[in-house]
Amino acid sequence: MSEDFNINELHSNFDIKGFIFKVLGYWKMIILSLVITFAIAYSTNIRKQNIYALDSLISVENDQNPFFTANTSISFNWGGVTSKVQTVITTLKTRSHNEKVVDSLQYYLQYLVQGKYRKNDIYKEAPFVVTINKSKPQVLGHPIAIKFLAEDTFEISTNFESNRGRGQIYNTKEKVAISLPQGQYSKTFRLGEAIETPFFNGIIDARKNSVIRIDQEYFINFLNFDSVVNQYKNGISVNSYSKGSSVLTLRLTGSNKSKIVDYLNATVSILKINQLERKNLYATNTIKFIDSSLTAVSSSLRDVESEMNSFRKQNKIFNIDDESGRVSDRLKDYELNKTETNSKIEYLSVLENYLITKTDYINIAAPSSVGIEEASIANGVSQIIELSIERQKLEYTTRETSEQFKNIDRQINALKNVLLETIKETKKIFRSQLNSLSRTIATLEIKLSKLPEDQQKFLKIQRRFDLSEEVYNVFQAKRSEAAVVKAANVSDINVIDEAKDIGEGLIGPNTRLNYLIALFVGILIPLIIIIIITFLDNNIHTVTDIERLSKIPVLGVIGKYKSEGSLAVYDNPKSAIAEAFRAIRSSLKFIYKTQNIKGSKTVLVTSSVSGEGKTFCSINIATVFALTNKRTVLVGLDLRKPKISNDFNVKNDIGVVDYLIGSKSLEEISQKTFIDNLDVIVSGSVPPNPSELLMSDKMDEFIADLKSHYDIIVLDSPPLGLVTDAIELVEYADATIYMIRQNYSKKDMLSLINDKYKKGEVKNISYVLNYYTHKKRQGYGYGYGYGYGYGYHNNEKDNRSILKKFKSVFKIKP
């Protein structure tokens with residue numbers, strides 16, 4: 001019996017088959033869990049609102065602004081498609097853009113009707129439309145009931161628990177504190193009538209092509225403007241249709257498809273308007289610049305025209321010779337060139353000062369508006385404007401300290417420094433041209449000075465008039481050109497597929513997924529509970545558990561006995577438990593035979609702790625041997641806690657203790673029982689030194705004396721796990737039975753007897769599993785005789801109440 005084995009290793013082996021049967025044994029709990037989870041899933045599915053997702057497709061074209069093409073005198077390139085696509089994506093996600101969309105659709109106003117589980121948003125299905133007074137506050141987050149009493153009469157009602165509330169003025173988006181009529185409020189109004197209350201200000205009109213239902217109650221509810229904007233800003237998704245594509249997919253989810261459609265189409269419409277305004281920004285600034293110049297030129301032209309008319313009235317018409325006329329025409333041309341050059345110098349000076357003193361470079365007029373065709377200046381201005389627009393858009397989505405801002409600012413500063421140097425050099429060239437023109441003009445004026453004074457004066461007035469008229473016509477032509485191109489401009493945003501409700505788009509609630517989750521959770525929760533029970537459970541349940549924990553063989557299995565007393569074999573000789581003890585008797589005979597034991601035979605019954613059925617087993621083993629006409633004695637050696645006397649109705653005043661101390665003989669302590677061939681020797685009075693008595697030499701004499709009088713000696717010893725008495729008594733036993741009680745004995749308790757068995761200190765020892773009830777959750781074990789799988793003998797009845805039986809169905813047992 002010295003075969004090595006590791007109890008920890010045996011304990012750690014996981015019985016997968018047994019665990020599966022244990023899980024199946026909890027089928028009632030699993031079904032109950034599934035019923036609960038599926039009920040929750042069903043409730044969730046019917047209570048949740050339907051969620052829809054709709055899309056729209058737009059394209060971002062890579063066209064140049066027509067105002068800045070080679071066919072016009074003012075040109076500017078707006079950049080490539082990649083930059084524009086990213087700009088559009090960024091713009092659609094900005095707060096400022098979504099504020100415009102929400103404000104245009106007034107999505108802060110809800111039209112509601114009471115449904116089965118909640119108030120549902122009916123949007124345009126409401127038979128009325130509300131025109132709110134945006135300059136006055138509307139109460140936030142408190143539904144206002146509207147019930148039509150007639151086709152043109154309705155009642156507004158609500159109930160306020162407090163006289164103070166929060167309202168919002170939608171013109172300024174300011175939130176203010178408002179006074180409310182505490183308690184129930186109700187008042188009748190007519191359609192089209194101005195409504196002024198502390199909580200609602202506006203007009204309610206009938207919606208076209210809608211039917212008003214009398215006594216149907218509707219609700220309107222005002223929401224926080226910023227919260228609604230934030231909801232749509234975070235809800236809309238913008239993605240490229242394919243990688244690197246200029247086509248974008250706009251997607252929005254919500255519970256009302258009509259609102260989704262309107263929002264997607266409105267956001268694209270407002271995007272097109274804003275994009276076109278930005279695209280025309282350069283042209284608009286140029287027209288403003290030309291208009292301001294035209295004002296000054298027009299005033300000068302009127303003054304010169306008035307002066308010429310006055311001169312003609314005062315003087316007769318002169319005939320100028322051809323040579324003088326040609327000189328005057330040349331002089332006019334040079335003066336026109338001088339004026340244009342002065343305009344260029346003035347524009348460059350203004351541009352130079354603007355670049356030095358300003359930080360927003362979006363409002364720069366085109367250089368070509370004054371005839372500056374230098375490519376370096378035109379390109380520099382266009383690049384600075386492009387970067388400025390890009391920086392302005394980033395302000396909505398990026399922090400000021402971002403590296404993107406720093407990078408753009410570095411590019412703008414580099415371009416600005418180059419442009420300022422170019423302006424300085426260009427101004428020098430224009431001033432040189434201006435000096436040359438001045439000298440030429442002075443030479444021609446000398447030639448005309450030979451004419452009479454009145455002719456000279458007339459020619460000067462004539463030249464000034466022609467010059468002003470020429471300048472005016474040039475500016476007028478440029479303005480017309482800019483206005484025509486601006487009017488012909490189109491947005492670079494094209495709608496490929498607008499949002500539309502075609503009856504599809506339902507994405508939630510995902511009822512199938514909810515049921516799958518219910519199935520998963522409904523199985524997982526009981527499984528976790530079972531795993532916890534399994535791994536925290538330290539009790540022994542089956543023969544398989546014993547075999548995994550110990551090398552000691554199992555002699556038999558005793559069923560659960562619920563009758564009064566411990567005389568199971570005597571009281572119910574035909575029961576399954578009686579058959580189990582007979583099987584144990586046969587096994588003991590086999591042990592005695594294999595050990596070649598002759599004459600009187602002894603069997604010791606012990607256990608780990610009290611309550612495992614040690615005495616019960618001792619009584620019934622003694623009984624089955626006595627019933628075979630063997631002279632049998634049952635000896636109570638549990639001197640500390642004697643129990644045998646109660647079952648046989650004998651006194652415990654004289655017993656083993658008296659023999660061991662030498663005061664009584666074997667005949668005096670032996671007591672006859674009502675069972676033939678069975679005597680009982682009780683322990684007697686509880687001694688102060690039970691261990692010393694059992695280990696005395698008198699004990700050897702006692703056993704020898706018993707063997708001389710009886711064929712079978714059954715020793716009911718104290719628990720081995722509590723005291724050492726049982727170990728000392730093992731030497732007197734031809735066979736030892738170690739009792740284990742199902743669902744009671746702990747797995748760790750076997751370590752002591754396993755250690756003794758490994759060292760060879762105990763021999764011919766076997767386990768008996770007591771109080772056994774077979775359950776499917778325990779998997780397969782095996783039993784001996786008829787004891788396996790039977791709860792109690794046939795004559796027993798289950799006297800539990802119906803309530804207790806019902807409770808036991810769902811009771812979780814280890």
Lys116 meets each of (1) open to solvent by 60 Å² or more (accessible area, probe 1.4 Å); (2) within 19 Å of Ser269 (Cβ to Cβ); (3) within 29 Å of the chain's Cα centre (by Cα); (4) of a type outside the set (Gly, Ala, Ser) with one exception, condition (2)
Pairing a residue in the range 399-415 that is on the phi < 0 side of the Ramachandran plot with any residue that is open to solvent by less than 50 Å² (accessible area, probe 1.4 Å) and hydrophobic (A, V, I, L, M, F, W, C), where Cβ atoms lie under 7 Å and the two sit 6 or more apart in sequence or on different chains, gives Gln404/Leu394; Phe405/Leu394; Ile408/Leu387; Gln411/Leu387; Ile412/Ile384; Ile412/Leu387; Leu415/Ile384
Residues in the range 503-523: is at least one closer than 30 Å to Leu54 by Cα and more than 24 Å from the chain's Cα centre (by Cα)? yes
Flagged in the range 343-366 as under 56 Å from the mean Cα position of the chain (by Cα) and without any contact (Cβ under 8 Å) to a residue 60 or more places away in the chain, in numbering order, are Asn353, Tyr354, Thr357, Lys358, Thr359, Asp360, Tyr361
Scanning the range 559-585 residue by residue, those under 16 Å from Leu627 (Cβ atoms), out of contact with any Gly (no Cβ under 8 Å at 6 or more places or on another chain) and either assigned to a strand (DSSP E or B) or open to solvent by 10 Å² or more (accessible area, probe 1.4 Å) (or both) turn out to be Ser566, Leu567, Tyr570, Asn572, Pro573, Lys574, Arg585
For Ser645, the lone unmet condition from (1) out of contact with any Pro (no Cβ under 7 Å at 6 or more places or on another chain); (2) of a type in the set (Gly, Ala, Ser); (3) surrounded by fewer than 23 Cβ atoms within 10 Å (Cβ to Cβ); (4) under 22 Å from Val730 (Cα atoms) is (4)
Within the range 586-618, the count of residues that are surrounded by fewer than 15 Cβ atoms within 10 Å (Cβ to Cβ) and under 60 Å from the mean Cα position of the chain (by Cα) comes to 1
Counting only residues that are open to solvent by 70 Å² or more (accessible area, probe 1.4 Å) and either over 18 Å from Ser292 (Cβ atoms) or part of a helix (DSSP H, G or I) (or both), the range 339-359 contains a total of 7
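Take Lys630 and decide whether it is at negative phi, open to solvent by 10 Å² or more (accessible area, probe 1.4 Å) and in contact with a helix residue (DSSP H, G or I) (Cβ under 6 Å, 6 or more places away or on another chain).
Working: at negative phi: yes; open to solvent by 10 Å² or more (accessible area, probe 1.4 Å): yes; in contact with a helix residue (DSSP H, G or I) (Cβ under 6 Å, 6 or more places away or on another chain): no.
No: the conditions fail for Lys630.
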The condition from (1) open to solvent by less than 40 Å² (accessible area, probe 1.4 Å); (2) touching a strand residue (DSSP E or B) at 6+ places or on another chain (Cβ under 8 Å) that Lys272 misses is numbered (1)
All conditions in (1) open to solvent by 30 Å² or more (accessible area, probe 1.4 Å); (2) in contact with a helix residue (DSSP H, G or I) (Cβ under 9 Å, 6 or more places away or on another chain); (3) under 30 Å from Glu340 (Cα atoms) are true of Ser480 except (2)
Among residues of the range 734-772 being among the aliphatic types (A, V, I, L, M), at pLDDT below 90 and open to solvent by less than 20 Å² (accessible area, probe 1.4 Å), the residue nearest to the chain's Cα centre (by Cα) is Leu750
Taking the range 648-676 and keeping only residues that are closer than 17 Å to Asp700 by Cα, part of a loop (DSSP other than H, G, I, E, B) and open to solvent by less than 30 Å² (accessible area, probe 1.4 Å), one is left with Gly655
Picked from the range 181-222 (must be hydroxyl-bearing (Ser, Thr, Tyr) and part of a loop (DSSP other than H, G, I, E, B)), the residue nearest to Val139 (Cα to Cα) is Thr197
Counted residues in the range 223-238 being without any contact (Cβ under 8 Å) to a residue 24 or more places away in the chain and part of a strand (DSSP E or B) come to 1
When every residue in the range 147-191 that is out of contact with any Leu (no Cβ under 9 Å at 6 or more places or on another chain), without any contact (Cβ under 8 Å) to a residue 40 or more places away in the chain and small (Gly, Ala, Ser) is compared, the one farthest from Lys100 (Cα to Cα) is Gly183
Restricting the range 24-62 to residues that are outside any helix (DSSP H, G or I) and among the charged types (D, E, K, R), the one surrounded by the fewest Cβ atoms within 10 Å (Cβ to Cβ) turns out to be Glu61
Residues in the range 677-688 that are open to solvent by 10 Å² or more (accessible area, probe 1.4 Å) and over 16 Å from Asn649 (Cβ atoms) total 5
Does any residue of the range 488-503 turn out to be closer than 30 Å to Ile290 by Cβ and part of a helix (DSSP H, G or I)? yes
When (1) open to solvent by 40 Å² or more (accessible area, probe 1.4 Å); (2) modelled with pLDDT of 90 or more; (3) more than 43 Å from the chain's Cα centre (by Cα) are applied to Asp497, the one that fails is (3)
- Any hit, the range 196-208, residues being under 11 Å from Thr153 (Cα atoms), surrounded by 13 or more Cβ atoms within 10 Å (Cβ to Cβ), touching a residue at least 24 places away in the same chain (Cβ under 8 Å) and aromatic (Phe, Trp, Tyr): no
Pairing a residue in the range 596-614 that is outside any strand (DSSP E or B) with any residue that is charged (D, E, K, R) and modelled with pLDDT under 90, where Cβ atoms lie under 7 Å and the two sit 6 or more apart in sequence or on different chains, gives Ser610/Lys641
Being surrounded by 14 or more Cβ atoms within 10 Å (Cβ to Cβ), farther than 30 Å from Ala41 by Cα, touching a residue at least 12 places away in the same chain (Cβ under 8 Å) and among the small types (Gly, Ala, Ser) narrows Gly508, Gly556 down to just Gly556
Within the range 135-180, residues of a type in the set (D, E, K, R), assigned to a strand (DSSP E or B) and over 22 Å from Asn120 (Cα atoms) come out as Arg164, Arg166, Glu174, Lys175
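The values are calculated or read from the model by the stated rules, or taken from the named source; none is laboratory data. Only a predicted model underlies this, so the values are computations on that prediction, with no experimental measurement involved. All Cβ positions, glycine included, derive from the backbone under ideal geometry; neighbour counts span all protein chains shown. All accessible areas refer to the heavy atoms of the entire protein, side chains included, with ligands and DNA or RNA removed. Shrake-Rupley method; radii C 1.70, N 1.55, O 1.52, S 1.80 Å.
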